[in-house]
Amino acid sequence: MVAINRNTTRRWNWFDGLITAFMTIAVIAFLYPFWHTLVLSFSTPAFATSLGLKFIPPEVTFDAYKVVFQTNIIYIGYGNTLLRTVAGTALTIVVTYCAAYALSRRSLPFRSTLTFLIVLTMFFSGGLIPMFLVMKSYGLVGTKLALILPMLTSAWNILIARNFIASIGPELEEAALVDGAHPLKIVFLVMFPVSMPIIAVLTIWTAVAHWNAWFDALIYTTSEKDIVLQLVLRRLLIDTQTESTILQSTVAETTSDTIKAATIIVSILPIICVYPFLQKHFAKGIMVGSVKG
Amino acid sequence: MQSSIEGATIRRSSRLLKEVWKNRHYYILLLPAILFFILFHYVPMAGVSLAFKQFSYANGIWGSEWVGFKHFERLFGSMSFYEILRNTLLISWYRLAFVFVSPIAFALLLNELRHGMYKRFVQTASYLPHFISWVVLGGIIAELLSPSRGVVNTIIGWFGFEPIYFLADPAYFRSVLIVSDIWQSVGWGSIIYLAAIAGIHPDQYESAAIDGASRWQKTRYITVPSILTTIVILFIFQLGGIMNAGFDQIFNLYNPSVYKVADIIDTYVYRVGLVSTNYDYTTAVGLFKNVVGFLLVVLANIVTSRIREGEYKLW
Amino acid sequence: MLKSRYLIVIALCLTLLAACSTGSKTSEQGSPSPSPKPSAGASSNSEKPADGAATVPEKPLKIRMVASSGNGQAPILGTNVQKIMEERFNIEIELLPVNATTAEPYSLFFAQGGSADVYLTPPPDVNKLIDQGLFRKLDVNQLYERMPVWMSKVESLVGDPELAKKLMLYNGELYQIPYTHGPLTESGLFIVRKDWMDKVGITQEPKTLDEFEAMLKAFTEKDPDNNGKNDTYGIHGGQRYNFNYLWGAFGFIPKSYYARDGKVTYTSILPEYKEALKVAQRWYKAGYVDPEFVTDDRTKQRNKWSEGKFGVLADNAFWMDSVRGENGVLAMVELKNSNAEFLFLRPFTGPTGLSGSFVDFPDVRGVASILFGKDASDEVVAKIMEMKEALASDWDLYKRAYYGVEGEHYTVKADGKLEISPTMNNDIGAADGLITYAHMPITLDWMKMTMTERDELAHKQSQEQPTVYNRIDFPTAGANIALTEKGEDILKVVDEYYINAVTGKVDIDATWDAYVQSALKAGLTAVLAEYQKMYENY
């Protein structure tokens, strides 16, 4: 059975018009901050420091981007960030989904206790120093794994995925069990494909978290070879340093708004490019080829 | 007598063992996550004891001396404590009431859009503000709300009113927080609800259509109930985070004029930390916040356990 | 669905790859134990005299260092400047991979039990760490004997040799080689649009508070930018230096602890502060002050300045230097308005004849003051002192270690001054090892080597004009505990009242007493009591 766009048969009415108008206005409001940043990244300093909202720059210049890409370190940053995002996200999906599926089984003994213990981790943590010392004792400080393992999964992700899986309903699973399939096979071959919406969401959340992460790289990596994109970009922003540090250097420039804007665009653009591929998994219903008599 | 009790216990535990063995595959699936939580959450969790110690770099966490509730007393004894606590709770409450609902409403509205491509375009545009940091957004908001140049005040002027300095006015500041929070987060937040809606079987809509259900009825009786589990769990999580009233946003928008309505625990502790870094004090404050949040979640779990045979409970 | 499984397999392989490649690395990095590197020039192990001469080349002294580089990351190993230092002073530098510029990584270094011989910049919360015995003591006499030029520079920057001596001690002992430098000891400046003065007919530089107020009035009301619109202000009023000379005209800087007639007071509860607040409120109500100063950040303030929205900017000479390029606060105005001219106003006198400009009370135990690990040997201390003294007295060495290589990082102009290359940035500098080793209490005589005449004028005036201290005006032996605990509560009361007073939301006379009581209750009484004891005992 193919998913039907159930709206094609109905005529437009006033409500459709209203929502479309409302959404159009909303779109302008949503797009403005991004547009403003994009415009700034291509502006001259004179335009960037002018007052008022920015819509069209009188003159387009690539100077800000030249500064951002002038050192090779940004490519190393991109590479490491890409690596941790892909590897980290894939691992997270597998671990989270498996745990969520297991916890969705109502008949699982100790289900309640295990879930409670997992929820507990959302609230109680030792903080920066204990975490660092523990990571050091595992030998992870100075490695790339330190950027992936601490983010392997979370209570938040597991529980939301659990609820989604629980709402799928037992028919699929029962049908497969009746056919004599091994439970582990059921997870990957039956349930997983049907859970694509939540998988897509987990992928987006995790990938973005990895992409934007910088603090863990700051404290866990010791070599320039392990640097991540966001750290490279943060270094361009002098404002993240204290005034007394700035005053030390005779060559310190203030970071112009154009460079700040360019760093934002440089880090968002890849996300925007990849997003549509994930979006299609939840933009329309996809119970394709599933339960049929 | 005794032997039958013992016998019953043995039978119970052997039945339990059988259940565990029957479910062994699920435990295997759980194993990586359990290991993760033990290694990266429970092992470091012992460091929470820092909240009750005077941290000394020389002695490390274990060797530092116990000072009991000294850090908590420092927090509770501050003249500002009542104000920051009140602001934290109030702002979190406003966020729960208004900001939490908006992605749900937005997802439902998006669902009603006729044209698939347009729907995807709107949804993509809507998440973009989430990626713009509050540093940048704060600057844009300041421009929009500027009493001398801002668009909003220009419009207010058309109606004959005096310009309002929103960001410096305690009467309006929290509204600015809520509205701008919705602006920034509604698109990103709607993703999970869209995913939940996508999981609804189209058959349900078809049979409702055959029965002559209106659009509104379909939403009310099919869509909303189907995503209710998602809504409830996200609500409970939000409740757990009640003591985090949005540091990033407030920090980039506030100023001393609005301290009395906008200074929250996190912004206050941040300013304290500018003078000297006190890991033990910040651990104590974090613990306080988390205990409150946790108790609320426990409460929520008790409440949801009583409804609908625990369909919505967390654990 | 098959695709996603392939993705997972690929990702798992990548992870294994990452784990394997870094697995071999962990043995090399992250641990502070040294792996000896042969240094560039010195002979490592031989004790044989070179060409029969009397000197016996010793083994280079190994020194483990923590330093902060100029670009916000851990310093790079094996740079050119490092080699120069090693060769000249016969040392072998082991730079530990610590990011000393950022607080958290530096704190974590200590938390994990790390230690070094030398710390070229102090860690966060240095007083606590000293209390915990992590650093060794130094001998004050040795300091003056071994580093005469360095100390004379520090003394000239602080202004008073006795004060300098008191400032460098902590609880009566010396732990740090004192450091400060030009920009940190310069007072803030009022920069006035001279072209506006000409336009509104002010020919004389304002010398009194009343004359200054008249100038603000003219800037606000007489359309000095000649655009037919009433859209200019006299002064912005926000950011670090806000009303600067106004406070000085009453003899203080707000939010500071002063010792007056043997008693420690807080300037923000003094009657003089009340009078100065009234003046600021008057200016605000008359429209001379940009009302948005409450929410404008520094960038917004400078944007407005560059657009010519107000006539007086309060800032630091550092931000005016030509080295800042287009981002310099003078250049940014000239970029948009070629007719702009500037006057560096001198502090005007107030009703009682006082005047002064905002300057931080000298702190010689801050950034780039040098500490030594508790197990550091006397030789290490002597060597570092030698190295730093050389940087303070040898212009060529300092030039190489700070500014770089002629032709590559800078060019020399006809008048002998240096011009920093426009393509120069912190990353290039860090790659060569610039700045990392070279911090030295620079004074105007060397600072002006990179300055234009106008820069020099601004800096000279900042250093020479009458000043009033910010934060505190007497030296203390240690830290004020009550201040760390109650400081923020006090500041909150003070900051709120300040904004409400200046913007006219409260009647200053009517609310003054309640405000003072509120500040005292917030913890000011305890802080003052503790400072009083500290003042009397030092």
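The values are calculated or read from the model by the stated rules, or taken from the named source; none is laboratory data. Keep in mind the model is a prediction, meaning the values are calculated, not measured. Here the Cβ is made from the backbone with ideal geometry for all residues, glycine too, and neighbour counts use every protein chain on show.
Here are the numbers for the structure shown:
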item	result
Checking B:GLU83 against (1) in contact (Cβ under 8 Å) with a residue 40 or more places away in the chain; (2) acidic (Asp, Glu); (3) not assigned by TED's automatic domain parsing to the domain that holds B:ASN290, the condition it does not meet	(3)
Whichever residue in the range C:98-114 is assigned to a loop (DSSP other than H, G, I, E, B), touching a helix residue (DSSP H, G or I) at 6+ places or on another chain (Cβ under 6 Å) and of a type outside the set (Val, Ile, Thr) and, among such residues, is farthest from A:GLU224 (Cα to Cα)	C:GLN112
Qualifying residues in the range A:27-68 (those that are surrounded by fewer than 16 Cβ atoms within 10 Å (Cβ to Cβ) and away from chain C (no Cβ under 14 Å)) - the one nearest to A:LYS260 (Cα to Cα)	A:PHE62
Set B:LEU234, B:LEU194: member being out of contact with any Leu (no Cβ under 8 Å at 6 or more places or on another chain), buried (at least 18 other Cβ atoms within 10 Å of the Cβ) and at the interface with chain A (Cβ under 9 Å from one of its Cβ atoms)	B:LEU234
The range B:141-153, residues that are surrounded by fewer than 19 Cβ atoms within 10 Å (Cβ to Cβ) and either aliphatic (A, V, I, L, M) or not assigned by TED's automatic domain parsing to the domain that holds B:TYR254 (or both)	B:LEU144, B:VAL151, B:VAL152
Wholly enclosed helices (runs of 4 or more DSSP H) of the range B:112-165 bearing at least 2 residues in contact (Cβ under 8 Å) with a residue 12 or more places away in the chain, more than 8 Å from chain A (Cβ to nearest Cβ) and in contact with a strand residue (DSSP E or B) (Cβ under 7 Å, 6 or more places away or on another chain)	none
Residue count, the range C:491-520 (criterion: away from chain B (no Cβ under 14 Å) and of a type in the set (S, T, N, Q))	1
All helices (runs of 4 or more DSSP H) inside the range A:192-287 with 3 or more residues being modelled with pLDDT of 90 or more and within 11 Å of chain B (Cβ to nearest Cβ)	A:196-212, A:257-283
Candidate set from the range A:105-139 (those that are of a type in the set (Gly, Ala, Ser) and either at the interface with chain B (Cβ under 7 Å from one of its Cβ atoms) or not in a helix (DSSP H, G or I) (or both)); member that is surrounded by the fewest Cβ atoms within 10 Å (Cβ to Cβ)	A:SER107
Pick from the range B:253-287, criterion surrounded by fewer than 19 Cβ atoms within 10 Å (Cβ to Cβ) and small (Gly, Ala, Ser), ranking: nearest to C:TYR497 (Cα to Cα)	B:GLY273
Answer residue from the range C:238-265, given it is more than 22 Å from the chain's Cα centre (by Cα) and assigned to a loop (DSSP other than H, G, I, E, B) and is surrounded by the fewest Cβ atoms within 10 Å (Cβ to Cβ) among those	C:ASP261
Set C:THR423, C:THR443, C:THR452: member being in contact with a Gly (Cβ under 9 Å, 6 or more places away or on another chain) and within 14 Å of chain A (Cβ to nearest Cβ)	C:THR443
Filtered residues of the range A:160-188 (kept if in contact (Cβ under 8 Å) with a residue 24 or more places away in the chain, more than 24 Å from A:PHE116 (Cβ to Cβ) and of a type in the set (A, V, I, L, M, F, W, C))	A:LEU172, A:ALA175
Output for the range C:70-97, where each listed residue is within 13 Å of another protein chain (Cβ to nearest Cβ), in contact (Cβ under 8 Å) with a residue 24 or more places away in the chain and either in contact with a Leu (Cβ under 7 Å, 6 or more places away or on another chain) or assigned to a helix (DSSP H, G or I) (or both)	C:GLY70, C:PRO75, C:LEU95
Index of the failed condition, C:ALA526 passing every other in (1) at the interface with another protein chain (Cβ under 10 Å from one of its Cβ atoms); (2) more than 21 Å from B:ALA171 (Cα to Cα)	(1)
Among the residues listed as C:GLY353, C:GLY328, the single one being free of Cβ contacts under 8 Å to residues at least 40 places away in the same chain and more than 14 Å from every other protein chain (Cβ to nearest Cβ)	C:GLY353
Members of the range C:399-445 that are touching a Lys or Arg at 6+ places or on another chain (Cβ under 9 Å) and within 23 Å of C:GLU186 (Cα to Cα)	C:LYS417, C:LEU418, C:GLU419, C:ALA438, C:HIS439, C:MET440, C:PRO441, C:ILE442, C:THR443, C:LEU444
Which listed residue is more than 14 Å from chain B (Cβ to nearest Cβ) and within 30 Å of C:PHE342 (Cα to Cα), from C:GLU464, C:GLU408	C:GLU464
Restricting the range A:149-159 to residues that are touching a residue at least 40 places away in the same chain (Cβ under 8 Å) and within 7 Å of chain B (Cβ to nearest Cβ), the residue that is nearest to A:VAL134 (Cα to Cα)	A:PRO150
Residues satisfying the stated conditions in the range C:387-442, i.e. part of a helix (DSSP H, G or I), touching a residue at least 40 places away in the same chain (Cβ under 8 Å) and surrounded by fewer than 16 Cβ atoms within 10 Å (Cβ to Cβ)	C:TRP395, C:ALA431
Odd one out for B:GLY68, checked against (1) small (Gly, Ala, Ser); (2) assigned to a helix (DSSP H, G or I); (3) over 27 Å from B:PHE237 (Cα atoms)	(2)
Qualifying residue in the range A:9-26 (condition: under 20 Å from B:ARG149 (Cα atoms), among the aromatic types (Phe, Trp, Tyr) and either more than 28 Å from the chain's Cα centre (by Cα) or not assigned by TED's automatic domain parsing to the domain that holds A:THR263 (or both))	no
Where C:VAL380 falls short, out of the listed (1) away from chain A (no Cβ under 14 Å); (2) β-branched (Val, Ile, Thr); (3) within 30 Å of C:PHE212 (Cβ to Cβ)	(3)
Candidates A:GLY142, A:GLY180, filtered to the one that is in a loop (DSSP other than H, G, I, E, B) and either surrounded by 19 or more Cβ atoms within 10 Å (Cβ to Cβ) or within 9 Å of chain B (Cβ to nearest Cβ) (or both)	A:GLY142
Residue in the range C:449-466 that is over 18 Å from C:GLU186 (Cα atoms), touching a Phe, Trp or Tyr at 6+ places or on another chain (Cβ under 8 Å) and surrounded by fewer than 19 Cβ atoms within 10 Å (Cβ to Cβ) present	no
Top-ranked residue in the range B:197-207 [being part of a helix (DSSP H, G or I) and either more than 7 Å from chain A (Cβ to nearest Cβ) or not aliphatic (A, V, I, L, M) (or both); ranked as nearest to A:ILE198 (Cα to Cα)]	B:ILE197
